[in-house]
Amino acid sequence: MKSFLISLFALTLAVAPLMAEEAAPAAEPAMDHSQHEGMSHEGEAGGLFAHPYLAVKYALTQGKAVDHEGETVTGEGGSGFALDLGTMITEHLAAEFTYSTASNNLKHGEHEGTGTFGAMGLMAAYLHHYENGLTAVVKAGYLNEAETIDVHDESTSGSVSGLAVVVAGEYNVGGHNEVLAEYEVPLFETAKGSSIFVGYKHGF
């Protein structure tokens, strides 16, 4: 899993410069600290929501074996998408609302089925910017996840909630546009398991 994540992130970084070359010649240079100094809202009009951003992400879920109503259900790999709507609070701190949906294959003994998962929650993020356009990100927050498990002609629905942590990397491709890769680990029991995200982020 670690080698797959590293390869996926390396691929993202390899593609990013190509995207930057296709940008208009007058596009802003790669992100530097001056771009983020304005994200400290002290004394600015607009306050907390002066610098919103939107991220659109494709998800690959890893699956996990969990106890479901007294029986073990094993989640396998799946896919989905996610949206983050956030705002920069300072140059290094952000808050965001996140929503994701995914579908996994499941196994219960010899039987196979599917799981559908929809999660939403709030995240706090810390960002460390590098002069080469890279940004390292760590997030933590609270998620509530609705799940539907369909195995052996039986369907059950419920919800779980708890903390989740995310590590991520972002690369500026010009202006307020970035490509990103994330790895999310829920700290609660879910057959969806951990998730890898790749996507695009735009600041307004």
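Just so you know, all these numbers are worked out from the coordinates, no wet-lab data involved. None of the values given here were measured: they were computed from a predicted structure. Cβ: placed from backbone, ideal geometry, glycine included. Neighbour counts: every protein chain shown.
Given a Förster distance of 41 Å, report the FRET efficiency between HIS128 and SER155 from their Cβ-Cβ distance, rounded to the nearest 0.05. Taking R0 as 41 Å, the efficiency between HIS128 and SER155 is 0.40. Remark: spin-label model distance ALA50-ASN105 equals 5.1 nm, labels positioned 7 Å along the Cα→Cβ axis.
Extending 7 Å from the Cα toward the beta-carbon at both THR90 and VAL167 defines two label points whose distance is 2.4 nm.
The loop-placed GluC sites (Glu not before Pro) in segment 63-145, going by DSSP, that have at most 12 neighbouring Cβ atoms within 10 Å of their Cβ come out as GLU69, GLU110, GLU131.
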